[in-house]
Amino acid sequence: MKAKNIFAASLVALLPLTASAQDSLIFTTVVENPVTSIKNQNNSGTCWSYSSLAFLESEVLKKHPEMKDIDLCESFLVSKTYVDRADRNIRTHGDASFSQGGSFYDAIYCMKNYGLIPEGIMPYPVVEYGDSLYNFTNFFPPMEAYVTAISKSDAKKINPKWRDAVQVMNDLYFGACPEKFTYKGKEYTPKSFVENYLTLDPDDYVSLTSYTHHPFYESFILEIQDNWRWASSYNLPLEELMEVMEYSVKNGWTFAWGADVSEDGFSRRTGKNRCVATVPDTKTTAGVGSDQSRWTGEKAGANISTADGAGEKVITQAMRQEGYDNWTTTDDHGMQIYGIAKDQNGKEYFMMKNSWGDYGPYKGFWYVSKPYAAYKTMNIVINKNALPKHIAKKLGIK
């Protein structure tokens, strides 16, 4: 797959919504930070890979604005992660889930322990399958069945060669992960590419969340299935989590955003304000499950949106906790927040980059109201240097 061109000032032309219907929202950019072009996860549950690498690409652009063609390889990250996830599933006799999903920490872990590579070094995916984009229909179910058969077997002893079989399944679909490669005339290993070309430090990144079943200003393992590496998140009161989000974007940073997108207000296919996420002040009928095939499908009650951006619920810490506790807030989708815009009424929204291809009126970009972010954010991963100093101090982050 060819390297994508950077979207920066050119995005401004895409962002305002032409008023094709009365009372449609019209957005004006307040601040936006550089992002790379929209990618397409297609028929796969790999939003975590696309969003975390989109975030890291923006981190590279912040340090090296001249690297406008930076495009990191999702296949490398996914292959490394699936083999490790199979290992965790089997070591826990199936208690740790094995699925297509993942977490932002998978990218940080991969960067630190295996490195990263640019797009174009590995096939995307292996071309003999005839897929120009990911299609896991025939790839993942057999691997999942194989891993489950081992982890749930009654055997007293297993052959350790199972890992080689899982590796082969990944290599046949994605291509083998390289130990060395040449990029722009220089030879790298995946780890030296991170250290010497990207110049990213895995220890710069932290996960933040906001829930009351653990103490604030401490870290805890967020209890979601795709956090299978058991990564910790710092716990902040809601108002401070929102402060971090706004402060970071307004000061030149982006962040990886994990959220529930099964809500009525996450408007997809119908209505005047598609690709806008709000919390309508009405009874919701949240969907279930995760990733693109579910989010873009028609279903009753799934496309309610407000015409003028008003009428949203006032979000409290208690509402966030209730949603998490009763499973109406679910760990659905990974995205990137990179800017802030306001509508014609002066109301502010986060600008979000998705991984569903050139989708919707904003060509793959969305607008997320601040009430929606307050209510349905599961966690964010952000550069620790993007935190307000008084919040970093409370968390003991230096």
Review point. Which residues, counting only those in the stretch 106-138, are more than 22 Å from residue 183 (Cα to Cα) and either assigned to a loop (DSSP other than H, G, I, E, B) or more than 18 Å from the chain's Cα centre (by Cα) (or both)?
Key: 128, 129, 130, 131, 132, 133, 134, 135, 136, 137, 138
Point to revise | Of residues in the stretch 29-40 being in contact with a Leu (Cβ under 8 Å, 6 or more places away or on another chain) and polar (S, T, N, Q), the one surrounded by the most Cβ atoms within 10 Å (Cβ to Cβ) | key: 36
Review point. Quick one: in the stretch 91-105, which of the residues that are over 11 Å from the mean Cα position of the chain (by Cα) and not small (Gly, Ala, Ser) is surrounded by the fewest Cβ atoms within 10 Å (Cβ to Cβ)?
Key: 95
Check your understanding: With 261, 276 as the choices, which residue is in contact with a strand residue (DSSP E or B) (Cβ under 7 Å, 6 or more places away or on another chain), among the β-branched types (Val, Ile, Thr), at pLDDT below 95 and within 20 Å of residue 30 (Cβ to Cβ)?
Key -> 276
Check your understanding: How about the stretch 86-104: which of its residues are in a helix (DSSP H, G or I) and within 24 Å of residue 382 (Cβ to Cβ)?
Key -> 104
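Any idea how many residues of the stretch 10-25 are over 19 Å from residue 358 (Cβ atoms) and either surrounded by fewer than 16 Cβ atoms within 10 Å (Cβ to Cβ) or modelled with pLDDT of 95 or more (or both)? Lay out the reasoning, then the answer.
The initial filter retains those residues of the stretch 10-25 that are over 19 Å from residue 358 (Cβ atoms), namely 19, 21-25.
From what's left, either surrounded by fewer than 16 Cβ atoms within 10 Å (Cβ to Cβ) or modelled with pLDDT of 95 or more (or both): 19, 21-23.
Residues meeting the conditions: 4.
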Study note, to complete from the structure: In the stretch 240-258, anything under 17 Å from the mean Cα position of the chain (by Cα) and closer than 13 Å to residue 369 by Cα is listed as 245
Review point. In the stretch 218-250, how many are out of contact with any helix residue (DSSP H, G or I) (no Cβ under 8 Å at 6 or more places or on another chain) and under 20 Å from residue 327 (Cα atoms)?
Key: 9
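The values are calculated or read from the model by the stated rules, or taken from the named source; none is laboratory data. Please read all numbers here as calculations on a predicted model, not as lab measurements. Heads up, the Cβs are rebuilt from the backbone with ideal geometry, glycines too, and the neighbour counts pull from every protein chain shown.
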